[in-house]
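One structure is given below, encoded as structure tokens.
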Amino acid sequence: MKKKENTGAGKVSIADMRSMINKKLGREVAFDLHEDNPTEVTDWISTGSRWLDSIICRGKLAGVPVGKVTELAGLEGSGKSYMAAQIAANAQKQGISVVYFDSESAIDPDFLEKAGCDIQKLLYVQADSVEFVLETIEDLLKTTDEKFLFVWDSMALTPSKTDLEGDFDPQSSMAVKPRILAKGLSKLIQPIANKQATLLILNQLKTNLTVQNPKYATDSEKYSTPGGKALAYSYSLRIWLTGRKAKDSYVVDERGYRVGSEVKCRLEKSRFGSQGRECFFRIMWADQIGVLDEESIFEAVKPFIKQSGAWYELDVGGKPKKFQEKQWVELMRGDSEFQKTVYDLMEQEVIVKFDNREGDAKAFYNLEGESEEAHAE
């Protein structure tokens, strides 16, 4: 009896299937993960704080991930805009074009220049509405293959078109903005990744009034952010700025004038293996704009430096180097060998040991020494 011929389709290779899918959609959506692909983060934009850059991604010195959506949320006066300006300046140094959406009409050109931005190459746009911001980002991504950093300052104060056209009754536009954001971010996440763009959304931390015992609550329990739950799912990184418990939230000069903010930085969400990590730094907003990086580095490595009274000792090039805290910044800026030794120490203690899970986890997650027993109460 003659065997029936198999007239069905033969086996199709992965490469052929990838080509077929991309041809059907008219753009590249199917990738070879061994080659360039939009899921892998290969570039980072420094936040201006080496300590923060060191805790964002497990096992490496990182920053704001390129190709992803990041939230920078904080309490009022915690330095969100100042930190965003420094991130924008660092992006420009990497050849990334910056588009700054401002809903608060509060950005001063002098402020941006003091932060290190080239305002001649920065596109400033008033954030007229949530829909306008999302549509503008989509249009720019379609128009060019140029790398962008989109800074949205702030999402919380950007109205929807319904808000602009309606009255002042909050009930009349309830949940409109979260629905717009849910739809908009779901449309933009893939184009942002494919074009290696970066979206930095500034947001507000609002006190959660339903917490029964705020004294012992974690930051995740004490605070929430506006915009709806869909935003939280779209973020690859969430950086929250709050006040330190042991210190005043303000930095003052020798005459008592407020010149900056002392903040605690916590990674509320991280897709890079570092969720919950913390660091501290000062954000200056008077004569000097940006993060006081050297001072925060001292706080990061201080537990690992020999101390005797007011003197510290660090092995630099095989020789002991003695110094006092007041000499730290001068040494970091003027002694390259000292600086390299400190950076190597920081990499070992903050990056490598966390990656290898060495030592007590509290040294990475609970820097202010909050009592677990108290929190349990």
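The values are calculated or read from the model by the stated rules, or taken from the named source; none is laboratory data. Note that the structure is predicted; figures quoted are calculated from it, not measured. When we count neighbours, we look across all protein chains shown, and the Cβ atoms used for this are built from the backbone with ideal geometry, even at glycine.
Against the definition (touching a residue at least 60 places away in the same chain (Cβ under 8 Å) and not assigned by TED's automatic domain parsing to the domain that holds SER46), how does PHE354 come out, yes or no? Spelling it out, PHE354 is indeed touching a residue at least 60 places away in the same chain (Cβ under 8 Å) and not assigned by TED's automatic domain parsing to the domain that holds SER46.
Taking the conditions (1) outside the structural domain of VAL342 (by TED's automatic domain parsing); (2) assigned to a helix (DSSP H, G or I) in turn, SER261 satisfies each one other than (2). Screening the candidates GLU299, GLU330 for the property of being assigned to a helix (DSSP H, G or I), of a type outside the set (A, V, I, L, M) and closer than 28 Å to ASP355 by Cα yields one hit, GLU299.
Does ALA230 satisfy the criteria of being modelled with pLDDT under 90, surrounded by 13 or more Cβ atoms within 10 Å (Cβ to Cβ), of a type in the set (Gly, Ala, Ser) and in contact with a Leu (Cβ under 9 Å, 6 or more places away or on another chain)?
Working: modelled with pLDDT under 90: yes; surrounded by 13 or more Cβ atoms within 10 Å (Cβ to Cβ): yes; of a type in the set (Gly, Ala, Ser): yes; in contact with a Leu (Cβ under 9 Å, 6 or more places away or on another chain): yes.
Yes; evaluated as a whole, the condition is true for this residue.
Considering only residues that are surrounded by 15 or more Cβ atoms within 10 Å (Cβ to Cβ) and in contact with a helix residue (DSSP H, G or I) (Cβ under 8 Å, 6 or more places away or on another chain), which ones fall in the range 307-337? Hits for the range 307-337 are TYR312, LEU314, VAL316, LYS321, PHE323, TRP328, VAL329, LEU331, MET332.
Can you spot a residue in the range 328-341 that is without any contact (Cβ under 8 Å) to a residue 60 or more places away in the chain and more than 30 Å from LYS114 (Cα to Cα)? No, the range 328-341 has no match at all.
Screening THR242 against (1) closer than 30 Å to ILE180 by Cβ; (2) of a type in the set (S, T, N, Q); (3) surrounded by fewer than 17 Cβ atoms within 10 Å (Cβ to Cβ) leaves a single unmet condition, (3).
For beta carbons closer than 6 Å, sequence separation of 6+ or different chains, a first residue in the range 49-61 that is farther than 17 Å from TYR365 by Cβ and not assigned by TED's automatic domain parsing to the domain that holds ALA300 and a second that is among the charged types (D, E, K, R) and surrounded by fewer than 24 Cβ atoms within 10 Å (Cβ to Cβ), the qualifying pairs are SER49/ASP293; ARG50/ASP293; LEU61/ASP53. I'd like the full set of residues that are surrounded by 13 or more Cβ atoms within 10 Å (Cβ to Cβ), over 22 Å from CYS117 (Cβ atoms) and either without any contact (Cβ under 8 Å) to a residue 60 or more places away in the chain or assigned by TED's automatic domain parsing to the domain that holds ARG50 (or both), limited to the range 287-303. Once the filter is applied, which keeps residues that are surrounded by 13 or more Cβ atoms within 10 Å (Cβ to Cβ), over 22 Å from CYS117 (Cβ atoms) and either without any contact (Cβ under 8 Å) to a residue 60 or more places away in the chain or assigned by TED's automatic domain parsing to the domain that holds ARG50 (or both), the range 287-303 yields GLU295, PHE298, VAL301.
In the range 83-95, the condition of being more than 15 Å from LEU200 (Cα to Cα), at pLDDT 95 or above and under 17 Å from the mean Cα position of the chain (by Cα) is met by at least one residue.
Within the range 92-149, the set of residues being among the aromatic types (Phe, Trp, Tyr) and over 22 Å from VAL176 (Cβ atoms) comprises TYR100, PHE111, TYR124, PHE148.
Checking the range 78-88 against the condition returns a match, with at least one residue being closer than 15 Å to PHE148 by Cβ and not small (Gly, Ala, Ser).
Residues in the range 347-369 that are assigned to a loop (DSSP other than H, G, I, E, B) and either farther than 24 Å from CYS57 by Cα or at pLDDT 85 or above (or both): ASN356, ARG357, GLU358, GLY359, ASP360, ALA361.
Would you check if there is a residue in the range 19-30 being loosely packed, with under 11 Cβ neighbours inside 10 Å, in contact with a Leu (Cβ under 9 Å, 6 or more places away or on another chain) and part of a loop (DSSP other than H, G, I, E, B)? Checked against the condition, which is being loosely packed, with under 11 Cβ neighbours inside 10 Å, in contact with a Leu (Cβ under 9 Å, 6 or more places away or on another chain) and part of a loop (DSSP other than H, G, I, E, B), the range 19-30 yields no hits at all.
The set of residues in the range 21-38 that are touching a helix residue (DSSP H, G or I) at 6+ places or on another chain (Cβ under 7 Å) and not charged (D, E, K, R) comprises VAL29, ALA30, PRO38.
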